[in-house]
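Below: one structure, written as structure tokens.
All of the numbers you see were taken from the coordinates with simple rules; none came from a lab. None of the values given here were measured: they were computed from a predicted structure. Methodologically, a virtual Cβ is constructed for each residue, glycine included, from the backbone with ideal geometry; neighbour enumeration extends over all protein chains shown.
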Amino acid sequence: MVEVAFVCIHNSCRSQMAEAIGRDVLGDIARVHSAGTEDYPEVKPLALEAVREIGLDPSGQHPKRLDDIPDRLDYLITMGCGVECPYVPTTYRADWGLDDPSGQPIEAFRETRSQIITRMKQLREQILNDHPELQK
């Protein structure tokens, strides 16, 4: 298993959707986390709704800080919010450049969800290429 984290500023929207989707898509090959660089009181309700619409259960997900996830990650994905995490050791780092749907209607959250699903499948392929021992 590899350690994967999705990081944003508040850990309330895109990174939360990525955590739920990542657990579904990567769960057999990775431990999936999400975190933010700043405190935020709750996960955006429309982010949770967008995840539930595809049959995933985000129950129990809540905003977390970088201190709440492992110190060492194999894959660190920032969501496009300009967040910098230079002090988080990782083997692979990428920014997915996703627009923040916060404050917009559910359709924007669905579009972001779609982009996350596409990128998550690509990330799965990359992890399996990087770690052939994880292939079944």
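General remarks:
- Proximal lysines relative to LYS44, as straight alpha-carbon distance under 16 Å, when same-chain residues fewer than 8 apart are discounted: LYS64
- The residues packed around ILE106, meaning those with a beta-carbon under 13 Å from its beta-carbon, carry a net charge of 0 if Lys and Arg are +1 and Asp and Glu are -1.
- Normalised convex hull volume, the chain, alpha-carbon set, Å³ per residue: 98
- The stretch 102-136 and the stretch 1-18 have Cα centres lying 11 Å from one another.
- Test item: Cα-centred dipole of the stretch 29-108, Lys/Arg +1 and Asp/Glu -1 on Cβ, debye: 260
- Seen against the Cα atoms of the chain and their longest principal axis, helix 14-26 is set at about 40 degrees.
- The listed peptides 69-82, 99-112, ordered by packing as a protection proxy, come out as 69-82, 99-112 (highest mean of other Cβ atoms within 10 Å first).
- Net charge, HIS33 excluded, C-beta distance under 12 Å - Lys, Arg +1, Asp, Glu -1: -1
- On Cα atoms only, tilt of 106-130 relative to the major axis of the chain in degrees: 0
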